[in-house]
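The values are calculated or read from the model by the stated rules, or taken from the named source; none is laboratory data. Just so we're clear, the structure is a prediction, and the values are computed from it rather than from any experiment. Cβ atoms come from the backbone with ideal geometry, glycine included; neighbour counts cover every protein chain shown. Remember, those area values only see protein heavy atoms, side chains included, never the ligands or the DNA or RNA. Shrake-Rupley method; radii C 1.70, N 1.55, O 1.52, S 1.80 Å.
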Amino acid sequence: MDNGATMHLAVSLFPGTIDPSPGREFSRLAGLVQKAEAAGLDMVLLADSAPASGGGAANSPMPFEATTLLAALATVTSRIGLVAAASTIAHQPYNLARRFASLDIISHGRSGWNATMAQAPRETANFSRPEGFSPDDFRRRSEEYIGIVQGLWQGWDADALLFDQSGGRFHDPEKMHLLEHKGASFSVRGPLNVARSPQDTPVLVLSGLSVSDLDIAARTADVILLDNGPVEGATARYDDIRRRVTACGRDPDAVKLLTNVALIADSKPAAVADSMEKGFRAKSCNGFTIQMPAQLSALGDFVGLILPELRRRGLVRESNRGKTLRSHLGLAGGGDQ
């Protein structure tokens, strides 16, 4: 497990950050992610969004479905973690669990699922729920959904699949675990028809949390994404979440908290590094998610100017510690620690 001494860094790609020119999106995205990988960042977060019926910023296109993009980026990268957003409204839990388990094998243990606890009304209208869900119903449904996905990911022991052609045995029955879930919103028997993840399970990233969601996050999340704020309040929030994680019987270091940082192009390196160092040393988070503005040059500014300053101060590693996303983050089950 990570002792918390090193700052974790991620970069987030959202609608509006991509050049909309036809035919160029993937090459630009691939180049950006490769740059983040060469810089030694822990992971990239790939956004996804359903189209809105009207215009405006909410309808800014993400040119690819996020899990499809993850699979493609896995073939042109080798170390950086790849975390894709996928909606609990748009996907059935079995199919989503199977998709991310497959992506984790394709990426050799570098995948993660970003699940948001914030409901998007324009999304529910596309999936047979134009009226949406009440906040409490959405929260209960999301918790049930996440539990199913994590249960399915753990349906096979690491050595359960034998592929024994001569003996005619595909798996060891004693190492297969049926989920047999029957809940308020879903009924799922399991197991998945995909092997255990190279990093034990894909990483679960939770975002869009309200105070009411924090206990769910404490029970289930590997990474929590939080909005930025005054250091004093952020430190109290960090301590509160760690207490909640401990109360769930988990090691408080089993959950990493990353604070969102919005950059602008040509930002002053020393000032940005000062702000990040202050928050990190105050123990308000385990690291930061760099939210990309429309100017893609901002990543170059961060990698070329701010990141060297953070390394000079001893806050960031020179390179990734292993090959899987869990090992980058210092989480148990890394697979190559």
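Below are the figures for this structure:
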{"item": "Ranked order, His328, His91 - accessible area, probe 1.4 Å, largest first", "result": "His91, His328"}
{"item": "Per residue solvent-accessible surface (Å²) - segment 215-269, probe of 1.4 Å", "result": "46"}
{"item": "Ile264 accessible area, 1.4 Å probe, all protein chains in place, Å² to nearest 10", "result": "120"}
{"item": "Accessible-area order (highest first, 1.4 angstrom probe) of the listed residues Lys35, Lys182, Lys323", "result": "Lys182, Lys323, Lys35"}
{"item": "Karplus 3J(HN,Hα) series, Hz, for segment 297-307 with 6.51 cos²θ - 1.76 cosθ + 1.60 (x for Gly, Pro)", "result": "5, 4, 5, x, 5, 5, 5, x, 10, 7, 4"}
{"item": "In Å², nearest 10: area of Ile105 left accessible to a 1.4 Å probe", "result": "70"}
{"item": "For Arg196, net neighbour charge (Lys/Arg +1, Asp/Glu -1) across residues whose Cβ lies under 11 Å away", "result": "-3"}
{"item": "In Å², nearest 10: area of Glu144 left accessible to a 1.4 Å probe", "result": "30"}
{"item": "Within the accessible area of segment 213-337 (1.4 Å probe), percent carbon and sulfur", "result": "52"}
{"item": "Electrostatic dipole magnitude of segment 87-163 [Cβ: Lys, Arg +1; Asp, Glu -1; Cα centre; debye, to 20]", "result": "240"}
